[in-house]
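Since the structure comes first, as structure tokens, the remarks are kept for the end.
We did not get these values from a lab; they are worked out from the coordinates using the rules stated. Predicted model, so just to flag it, every value in this text is computed and none were measured. Positions of Cβ are backbone-derived with ideal geometry, glycine not excepted, and every protein chain shown enters the neighbour counts.
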Amino acid sequence: MPTIELNMIVKNGAAAGLARCLTSVAPFIDRILIGDTGSTDATPDIVREFDAEFLHLPWENDFARARNRVLAHRRCDWILVLDADEMLDQDAPHQIRALLEDPTFFAYDNWRWNYMRDSHTRLGSQSPRVNPFVLEESRAFPAYVPSLTTRLFRSHPGIDYEGCVHETVTKRLAALGLRSGHADFIVHHFGHAEDPQSARLRKNDLYQSLSQKKVSSDPRDPQALFELGLGELEHLRHPAAALSLFEQACVLSPGYAVAWLFAGVCLVRMGNAPEALRRLARAAELGLRNSVFWQTLGDARFYTGRYAEARAAYTAATHQGEAAPLSLAKLGASEVHLSLTNQGLRRIESAIASDPGFPELYDILAAAALLAGDLRLAAQTNQTRMRLGNTTEFHTRLTALLHAQTAAPAPAR
């Protein structure tokens, strides 16, 4: 039987769920090797409980370098890579052991389910999906976002990690001409759902600084430019800076569909819907029509007053299996503009019922109710929205307008 080892890097993994992770793999793993980059919590005690081998590593602002330092000590036939905030489910051991018997593959790609504490947070180019609760530990979280990763590969001397952040072995596999397959096992990731907000922000800051380092080392790497652009767009909220990076990636790699898509996302956020539609058309020509594409296309069409086309795009987004109530609410708003008033308002209210803490949904309902002439619903919705906080001058003016409208005497008949 081929042997397999768990190969990890960790820092302060106790709170992240290191014991949960190791419990999920201990029954079928031949060796556990953990490289610690400076823990000050109970991580060493947890490692000892599982009879794992423990290496002290310097942290050099480079995730690939840290992982490769641990890989240098590998001894088994196959390597499985997990992080402290991840785990496997009960089906994974059988699935993984079966894969090791095939002599034709050197690595396997698998799905990573990134659990979310809400149903509207996107991750990269993927939208959230409804959590089917295949794992009891995930029951508190309504949605997950899938991402493809490579976590199982042979202990081959040429296979190591590249990239100081968002590190991967896929480039090395391709350079060596080593064949990869697809695996059915799932890595369940809890970091986005369980991290305190302050910890998540610190991680995002670190990833962004390392992404900048990655681009500085190779300014002509389209993937590195795209990763830096995502951070500018989603973490720092700088769509103009992100657009420049995405368009550089498009120039360097004209077939890079996801870069064209996110150039369109930036332009929508910047209020330039006509240019956004041109970028989205290019992404579609390259075959990219996922839920993020349809959502963005719906937004661009909505902002240009093409409500029937916007409705079709939002409908397509909901048919992609996503869980985001925002698409449902925008679909309802399109229907209100098309005089499908009752249907549209019910749809927006349904979106709010599924995620009552998401402020933007109330903005959409208040605007739609105002458009439909239902001042009572608009006023009630806006009052609820004001109680959620993080309001702007728009909400204050809307409150004043609705107060004036609802307080005015009825016109004489």
Next on the checklist: Give me the dipole magnitude in Debye, nearest 20, for region 4-195 about the Cα centre, with unit charges on the beta carbon: positive for Lys and Arg, negative for Asp and Glu.
Outcome noted: 520
Checklist entry - Just going by the charge dipole of the chain, with Lys and Arg at +1 and Asp and Glu at -1 on Cβ, which of Asn272, Gly321, Gln90 is farthest out on the positive end? => result Asn272
Next on the checklist: Using the Cα centre of the chain as origin and beta-carbon charges of +1 (Lys, Arg) and -1 (Asp, Glu), tell me which of Tyr161, His192, Gly177 is placed farthest towards the positive end of the dipole.
Outcome noted: His192
Item to check | On Cα atoms only, tilt of 291-303 relative to the major axis of the chain in degrees | outcome: 20
Item to check | Contact order normalised by residue count of region 1-152, Cα under 8 Å, 6+ apart, percent | outcome: 25
Checklist entry - Label points 7 Å out from Cα along the Cβ direction at Glu60 and Arg200: separation in nm? => result 3.2
Item to check | Modelled FRET efficiency - R0 35 Å, Asp51 with Ser216, Cβ distances, 0.05 increments | outcome: 0.25
Checklist entry - How many nm is it between the label spots at Thr384 and Tyr303, if each spot is 7 Å from the Cα in line with the beta carbon? => result 2.7
Item to check | Pairwise label distance in nanometres, Ala175 with Asp41, each label 7 Å out on the Cα-Cβ vector | outcome: 3.5
Checklist entry - So how much slack lies between Thr3 and Arg346, counting 0.36 nm per residue of separation and subtracting their Cα-Cα distance, in nm? => result 117.8 nm
Checklist entry - Classify region 235-406: rounded, prolate or oblate, from the alpha-carbon gyration tensor (a ≥ b ≥ c, eigenvalue square roots; a/c under 1.5 rounded; otherwise prolate if a/b is larger than b/c)? => result prolate
Checklist outcome for this item: Leu178 neighbourhood, Cβ < 9 Å, K/R = +1, D/E = -1, net charge +3
Checklist outcome for this item: Row for region 344-413, column shape: gyration tensor on C-alpha, a ≥ b ≥ c, rounded if a/c < 1.5 i.e. under 1.5, prolate if a/b over b/c, else oblate; value oblate
Next on the checklist: For a test of the definition: using alpha carbon positions, the gyration tensor, and the 1.5 limit on a/c, classify region 83-225 as rounded, prolate or oblate.
Outcome noted: oblate
Checklist entry - About its Cα centre, how strong a charge dipole does the chain have in debye, to the nearest 20, once Lys and Arg get +1 and Asp and Glu get -1 at the Cβ? => result 1320
Checklist outcome for this item: Amide H neighbours of Leu82 at under 5 Å, excluding residues fewer than 5 places away on the same chain, with H built from the backbone geometry, are Asn7
